[in-house]
1. Among the numbered criteria (1) open to solvent by less than 70 Å² (accessible area, probe 1.4 Å); (2) under 27 Å from residue 118 (Cβ atoms); (3) at pLDDT 85 or above, which single criterion is violated by residue 91?
2. Considering only segment 19-41, how many residues are farther than 19 Å from residue 65 by Cα and either in a loop (DSSP other than H, G, I, E, B) or in contact with a Leu (Cβ under 7 Å, 6 or more places away or on another chain) (or both)?
3. Which members of segment 5-49 meet the condition of being open to solvent by less than 90 Å² (accessible area, probe 1.4 Å) and over 15 Å from the mean Cα position of the chain (by Cα)?
4. Where the second residue is open to solvent by less than 80 Å² (accessible area, probe 1.4 Å) and of a type in the set (Ser, Thr, Tyr) and the first is closer than 16 Å to residue 16 by Cα and lies in segment 78-101, which pairs have Cβ atoms under 6 Å and are six or more apart or on separate chains?
5. Within segment 50-81, how many residues turn out to be open to solvent by 100 Å² or more (accessible area, probe 1.4 Å) and either aliphatic (A, V, I, L, M) or modelled with pLDDT of 85 or more (or both)?
Amino acid sequence: MRDFGPSPSAEELEALARRALDALPSPFRESLGDIVLQVDDFADDETLDSVGIEDPFELSGLYEGVPLTQRSIDQSGSLPERVRLFRRSILDEWAGGADSLEHLVAHVLIHEIGHHFGLSDEDMHALEEGVA
């Protein structure tokens, strides 16, 4: 377990996530459109229920939207796509692991963005390697 000063704030995690977004290859970065990036301490009960998770520490990120591979011209009036990062879950994983916080935030963010693009886990890992 790591021993250090105050926990990074939601704003600091968002800044790390935005740097990771900026490091994405341009075809991905330019295709994100109006995705909203949001950092919360934990997922709310409704969100946890919707993904079948009881312990809020088990959910570090979530993509909310319709993947590009599943969209149709019939869709309109939907909420904007959103990537949510859960600060306390990320910090808990960081404190107990060997990765840097920057790497962990980028990993979670890229995984959730991968859902937006309809990527496989293998494709998400390749994209992450390109950002690291």
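1. Condition (2) is where residue 91 drops out.
2. Here is the first cut: in segment 19-41, the residues farther than 19 Å from residue 65 by Cα are 19-20, 22-27, 41.
Filter once more, so that each one left must be either in a loop (DSSP other than H, G, I, E, B) or in contact with a Leu (Cβ under 7 Å, 6 or more places away or on another chain) (or both): 20, 24-25, 41.
Summing the residues that are farther than 19 Å from residue 65 by Cα and either in a loop (DSSP other than H, G, I, E, B) or in contact with a Leu (Cβ under 7 Å, 6 or more places away or on another chain) (or both) in segment 19-41 gives 4.
3. Those that are open to solvent by less than 90 Å² (accessible area, probe 1.4 Å) and over 15 Å from the mean Cα position of the chain (by Cα): 5, 7, 8, 9, 25, 26, 27, 31, 33, 44, 48.
4. 83/63; 86/60; 89/60; 90/60; 91/7
5. Of the residues in segment 50-81, 4 are open to solvent by 100 Å² or more (accessible area, probe 1.4 Å) and either aliphatic (A, V, I, L, M) or modelled with pLDDT of 85 or more (or both).
The values are calculated or read from the model by the stated rules, or taken from the named source; none is laboratory data. Note that the structure is a prediction, hence the values are computed from the model and not measured. Positions of Cβ are generated from backbone atoms using ideal geometry, with glycine treated the same way; all protein chains shown enter the neighbour counts. We work out accessible area using only protein heavy atoms, side chains counted, and drop any ligands, DNA or RNA first. Shrake-Rupley method; radii C 1.70, N 1.55, O 1.52, S 1.80 Å.
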